[in-house]
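To start, the structure itself, in structure tokens.
What follows draws every value from the coordinates through simple rules; no lab data is involved. Just so it is clear, the structure is predicted and the values come from calculations on it, not from any experiment. Here the Cβ is made from the backbone with ideal geometry for all residues, glycine too, and neighbour counts use every protein chain on show.
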Amino acid sequence: MADKKPVPLEFEQPLALLAQQIEALELQIGENPGGDLENDLERLNKQYDQLKRSLYSNLRGIDHLALARHPQRPYTRDYFDRWDSSWTEMHGDRKGADDPAMVCGLLHLDGINIVAVGTQKGRSLRDKQHCNFGMPQPEGYRKALRMFHHAEKFRLPVVCLIDTPGAYPGLHAEEHNQAEAIAVNLLELSGLTVPVVAVVTGEGGSGGALAIGVANRILMLEHSVYSVISPEGCASILWRSADKVAEACQAMKMTAKEILALGVADEVIPEPLGGAHQNYELAATSLKSGLVRHLKELATLAPEDLRKNRQSKFRNFGAFVEA
Amino acid sequence: MDLKEWFANRKKKTEQGEVKQPLTTEEYCALWTQCFQCRELLYTRDLRSNLDVCPKCQYHFRVGAEQRIEQLVDAGSFVETEAKLSSADPLGFVDSEPYPKRLLEAERRSGLKEAIITGVGNIEDQKAALGIMDFGHFGGSMGSVVGEKVTRLVEKAEKERLPLILISSSGGARMQEGILSLMQLAKTSSALKSFSDAGLLYISILSEPTYGGVTASFAMLGDMIIAEPGARVGFAGRRVIEQTIRQKLPADFQTAEYLMSHGQVDMVIERHKLKEALAGLIKFHGQALKPSSVIQQKGAALYSR
Ligand SMILES: [Zn+2]
């Protein structure tokens, strides 16, 4: 969507207002060139840059959430297409379904052959429904699992892109045992002897995200979020109010920076100023170089060490008192 | 004193106005329990001695971890492990109340330090590693401590080559520890991977209710999965699903019997038969629990008796 004008979010309104003023002034100058209006324009442009920089470096949790859920945010296929325009898609769980909310494929990533999986959201309303708003069915997790086994068999590293509100609260999903599908992925991912790198590119929603997130390295895009429950769910349970989403975001510490500080994320990948949707190419390139760097580092580990590295990483998560 | 004296005393007391006061509501509730299913008023002591199963309609009440140990483990054989672990407050979490305050409150109400008790005990003379969750403590939610205790138990069972039994009862991951709670799903599942690769036996028991992150990790990873009658088990809760799909769900949705008919559990076993069933399953798989060297030595003789 780099050619389409980004839709401003609520917290971006001051910026949008200033942009309108600048546009109006430019129009005026175009009609009457010369004069002191040029100075005003320069001043306004400077102000705009300053505001933009300070705005995006002081975001609240709920602002990051809005950026992570931005309707124009690049999705899994947008990254795959930019990394390797001729990537090969792999379909189906071999058991009766091909979940469009989980995209799997074989990619060349800067000369490295990888198995890539990622949750997929839709752009148009039809696409959104087709992809179930980025919420895989159990079949989607099992399709990913098939690819993990493929990677293990052919000694290929795995890259997982996470952008999902979570698992789907639906009848089919429960009857087909989504809890088991998620649990088995956690178990099997932990045992792989090839490198696994996961990236939260947008929303990292609970168990549905973790199902493709048990990795040697966990990266997060600058404005992505990762949480144990959706902030809406948290607000309705703990505050008993749908209006307390901002409070829930803050309390759960779900931004990339906070997840890094808690020791769960290993690196925060910077996004183009204003968010990944401002510049797809730049976002894809910067994520790719981060991924390649981590994959090259992990390539130095022996197969058994890759498994141990991943298991000990997760073994150490938790905070408690022992006395 | 003899009966005559006793009556005389009683009469005297009554005359002096020392009759027993009627029970307070609290005492009354402790004495009697109404069955959730058939509404029968049950004498609590009788209910307890019937393993918390309604004698009239067989409704299986929730069981606390300590009672469950009494019901399942040979008397005097249980040795608790990791009793010293307690929750920290890694996020400085505050909603309407700070998390540490809620923890104290949970401890006061349940008498437990955390939502699981782990240890080693005998089931009909067979040693097993046991983890028993307690819904009465913080809704049985899994935070860092529950995850750590389960993980240490799995590691201990692997090291000592013991069968592992986990009894789940949980509302899911504990929100107050944020992402660290979510990571406990992966931590416990990862420990079970090594355990399973070592050829050891894990029996998962699902009890009323088991949801969310616990279902989506160790509870669904048993070599065998047993559910208690009527227990409700799932990932997403019934109400959330109904709100999402705008559709009424079947009355027996997510019950043990429903899970059974959808291929999600091996068996539904009533509480009175649970201990015997566990003992039988452990015995059946006993060969696998011997050190791997012994199994290898026996080689082809493995199947002969
Ligand atoms: Zn009853």
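Gyration tensor analysis over the Cα atoms of region B:63-286 returns equivalent ellipsoid semi-axes of 26, 23, 16 Å (largest first, whole Å). Between the Cα long axis of helix A:178-191 and the first principal axis of chain A there is an angle of about 80°, rounded to the nearest 10.
At most 12 other Cβ atoms within 10 Å and a DSSP loop assignment: could you name the GluC sites (Glu not before Pro) in region A:239-323 that fit? Qualifying residues, ordered by number: none. Note on A:LYS288: aspartates and glutamates with a C-alpha under 18 Å away, same-chain residues under 8 apart excluded, are A:ASP78, A:ASP81, A:ASP84, A:ASP110, A:ASP163, A:GLU222, A:ASP266, A:GLU267, A:GLU271, A:GLU297.
Annotation note: trypsin sites (Lys or Arg not before Pro) in region B:25-57 located in DSSP loop regions with a Cβ neighbour count of at most 16 within 10 Å are B:ARG39, B:LYS56. Counting beta carbons within 10 Å around each of B:ILE225, A:ILE112 and listing the fewest first gives the order A:ILE112, B:ILE225. Over the protein assembly as shown, the Kirkwood radius and the radius of gyration, each from Cα atoms, give a ratio Rg/Rh of 1.07. Between the beta carbons of B:GLN247 and A:ARG60, assuming R0 = 35 Å, the FRET efficiency works out to 0.45 to the nearest 0.05. In a DSSP loop and with at most 15 other Cβ atoms within 10 Å, the trypsin sites (Lys or Arg not before Pro) in region B:218-254 are B:ARG246, B:LYS248.
Modelled this way, with points 7 Å down the Cα-to-C-beta line, the labels at A:ASP127 and A:SER85 are 1.9 nm from one another. A Förster radius of 25 Å combined with the Cβ-Cβ distance from A:ARG155 to B:ALA198 puts the calculated FRET efficiency at roughly 0.55.
Modelled spin-label separation between B:ASP266 and B:ASP125, with each label point placed 7 Å from Cα along the Cα-to-Cβ direction: 2.3 nm.
Could you give the length gained on full extension between B:GLU80 and B:ARG238, defined as 0.36 nm per residue of separation minus the Cα-Cα distance, in nm?
53.4 nm
Summarising the label geometry, the points placed 7 Å from Cα in the beta-carbon direction at A:ASN316 and A:THR300 lie 1.7 nm from one another. Exposed loop positions in chain A were taken to be trypsin sites (Lys or Arg not before Pro) whose DSSP state is not H, G, I, E or B and which have at most 11 other beta-carbon atoms within 10 angstrom. Between these positions, the longest stretch is A:5-93. Pairs A:LYS308/B:LYS187; B:LYS113/B:LYS273; A:LYS121/B:LYS193; A:LYS313/B:LYS156; A:LYS308/B:LYS156: which are spaced more than 23 Å apart, C-alpha to C-alpha? Beyond 23 Å: B:LYS113/B:LYS273; A:LYS121/B:LYS193. Bridges between two residues of chain B, per DSSP, are antiparallel at a rate of about 50%.
Between B:LYS159 and B:GLU276, what is the FRET efficiency for a Förster distance of 35 Å, r being their Cβ-Cβ separation, to the nearest 0.05?
0.80
Within the protein assembly as shown, antiparallel bridges make up roughly 45 percent of the DSSP beta bridges whose residues both belong there. The magnitude of the dipole of chain B, with charges of +1 and -1 set on the Cβ of Lys/Arg and Asp/Glu and taken from the Cα centre, is near 200 debye.
How would B:THR24, B:THR255 line up from fewest to most surrounding beta-carbon atoms within 10 angstrom? So the residues, fewest neighbours to most, are B:THR24, B:THR255. Across chain A, the volume of the C-alpha convex hull divided among the residues equals 172 Å³ per residue.
Extension gain for the segment A:GLU23 to A:ALA261, taken as residue separation times 0.36 nm less the Cα-Cα distance, is 81.6 nm to one decimal. Short-range pairs are left out: with C-alpha atoms under 8 Å and at least six residues apart, the relative contact order of chain B is 13 percent.
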